[in-house]
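The values are calculated or read from the model by the stated rules, or taken from the named source; none is laboratory data. Predicted, not measured: the structure shown is a model, and the values here were computed from it. Here the Cβ is made from the backbone with ideal geometry for all residues, glycine too, and neighbour counts use every protein chain on show. Note: areas computed on protein heavy atoms with side chains; ligands, DNA, RNA excluded. Shrake-Rupley method; radii C 1.70, N 1.55, O 1.52, S 1.80 Å.
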Amino acid sequence: MEDAKGDGDTPVKTPVQRQGSASSATRPDSLKGRLSSASRRSALERSGSAGFEWDGLEEPQFEFDDDLNFSLEFAANQELPNPDDPNSVLRSGAMTPDGLLDDDFEKELGMQEEVREEDMPFYDVAQHRIVEIAGSDDRYGRKVIVFSACRLPPSKDFNHERLLQYLKHTLDQYVENDYIIVYFHYGLNSQNKPSFKWLKEAYREFDRKYKKNLKNLYLVHPTNFIKIILLLFRPIISAKFGKKIMYVNYLHELRKYIHIDQINIPERVREHDAQLIEKHQPRPARTASQDKPALDTQQFGVTLKFIKEQHGGEVIPPVVKQCVEFLKEHGLEVEGIFRRSANAHLIKEMQQKFNEGQEIDFAEYDINIPAVLLKSFLRELPEPIMTFELYPKLMNLHALNKDAQIVEAQKLLLTELPEENYFVLKYILEFITWVAAKADLNMMTALNLAIVFGPNLIWSRNQASIASLTQINSFTKLLIDHFEELFTK
């Protein structure tokens with residue numbers, strides 16, 4: 001069986017419409033005693049498998065890929081979808097945003113109590129680190145779930161039913177928000193592959209609850225086999241879901257969509273990628289930062305100090321101020337504000353306009369645009385606003401009682417956070433308390449806001465575990481609940 005530490009990596013620890021102006025709202029002195037948002041459930045749609053004869057679909061008699069020279073006679077005789085065809089279910093290339101969601105909350109996400117690794121649910125599966133949560137959201141504020149096939153133990157020694165339960169247990173913590181999945185296919189072989197029966201069962205289990213907020217499924221290092229499997233599933237894969245699937249041939253292609261340095265990529269996958277690059281010698285995609293230096297007017301992807309120096313000493317970046325002021329007037333009562341996503345291409349276009357110093361009128365756009373821009377501004381900072389240096393100290397706060405946490409957090413904020421970071425963080429969190437005060441209307445409690453903003457305020461240089469994300473969310477909620485006590489400067 002594969003070593004639980006695996007591959008030499010660090011061991012796991014384990015369009016809504018605008019609603020009325022809220023310009024007259026005032027932030028209360030205390031946020032305690034707010035009404036929690038009532039759970040609102042909509043009837044779940046069927047997964048789309050009705051009418052399809054599963055019993056007539058048999059597992060093809062061939063093995064998964066065992067080496068780079070894998071070929072299949074079956075594949076040679078089948079017409080696979082063209083990945084370059086924009087109408088193809090299995091297209092490859094640019095992202096395909098699904099627009100905005102109009103689904104209600106189904107429940108609030110809770111935070112777990114600190115427990116020992118060995119006592120965590122599904123530790124027998126989690127110890128293999130097959131499924132992990134990236135240390136940061138993607139470039140559009142969406143949670144990143146990583147599945148590494150090479151970490152699957154041999155099938156004879158592993159309970160795949162437990163794996164399915166663990167997958168659902170993990171996804172249940174995140175599916176109420178937009179999220180993406182990165183699947184590293186390399187390393188799946190005849191010894192560790194799940195059965196075809198298991199794949200069919202898994203597809204049945206992952207119903208609309210799991211599919212509706214999944215924005216993209218990146219299949220990294222795809223092979224003929226996985227393309228054939230998707231072809232066999234094509235009769236039951238909806239066109240909408242099919243458009244979320246994207247092939248990624250090399251790791252560097254992921255940089256366009258996610259913060260790849262925040263993903264704990266197995267060493268075997270990195271080595272395989274290097275072999276592919278050496279064999280095929282693809283040209284790595286160049287980034288904007290490689291092509292030209294930062295503009296004087298640039299606000300995304302540069303430091304707070306740079307923005308301050310280029311804007312006459314103004315501490316609050318113009319894009320942050322414009323987003324907050326517009327949302328304060330128009331977005332406080334919008335249900336699910338900050339939980340919805342926006343058109344990814346439009347967000348990139350808006351970022352470019354701000355970087356070029358162009359004037360933007362948010363009244364011409366959906367209310368979710370400034371909400372997503374605010375999160376993406378934080379996410380695109382070269383270093384988190386809470387700084388890498390503070391990260392381990394913040395993670396240690398969970399061991400203290402609440403009063404001690406407040407005292408220590410106040411000291412860290414006042415004495416160890418750079419001045420620009422302190423005042424920008426204070427400005428944004430003060431606004432967030434206004435949003436939380438309207439939770440009975442917008443459904444965004446302090447907990448929901450902590451889950452949405454936490455990974456955009458705090459992240460480490462390395463892969464984050466589920467436990468560390470819980471601590472990040474807990475600390476962010478502390479900042480919201482005790483804003484007046486913590487931010488005294």
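Here are a few things to note about the model shown:
- Pair E161, T297: separation of 7 Å Cα→Cβ label points (nm): 6.3
- Note on H311 and E389: with the Förster distance fixed at 45 Å, the Cβ-Cβ geometry gives a FRET efficiency of about 0.95.
- Reachable lysines, given that their alpha-carbon falls under 23 Å from the alpha-carbon of K353 and they are not under 8 places away in the same chain: K256, K292, K305, K308, K321, K328, K375
- Estimated FRET transfer efficiency when R0 is 56 angstrom, pair E419-Q275 (beta carbons, to 0.05): 0.70
- The lysines within cross-link reach of K197, meaning a Cα-to-Cα straight distance under 21 Å and a gap of 8 or more places when in the same chain, are K156, K168, K211, K227.
- The distance between label points at L346 and K197 comes to 4.8 nm (points 7 Å beyond Cα on the Cα→Cβ vector).
- Highest mean packing first, where packing is the average number of other Cβ atoms within 10 Å per residue, the peptides 151-161, 368-378, 316-326 line up as 368-378, 316-326, 151-161.
- Simple label model, 7 Å out from Cα along Cβ direction - K411 to E205, nm: 4.6
- For region 138-296, the fraction of alpha-carbon pairs in successive 10 Å shells from zero, as %: 9, 35, 38, 14, 3, 1
- Rolling a 1.4 angstrom probe over the protein heavy atoms with all chains in place gives region 226-382 an accessible area of 46 Å² per residue.
- Diffusion coefficient, µm² s⁻¹, Stokes-Einstein with Kirkwood Rh over alpha-carbon pairs of region 304-487 at 4 °C and 1.567 mPa s: 76
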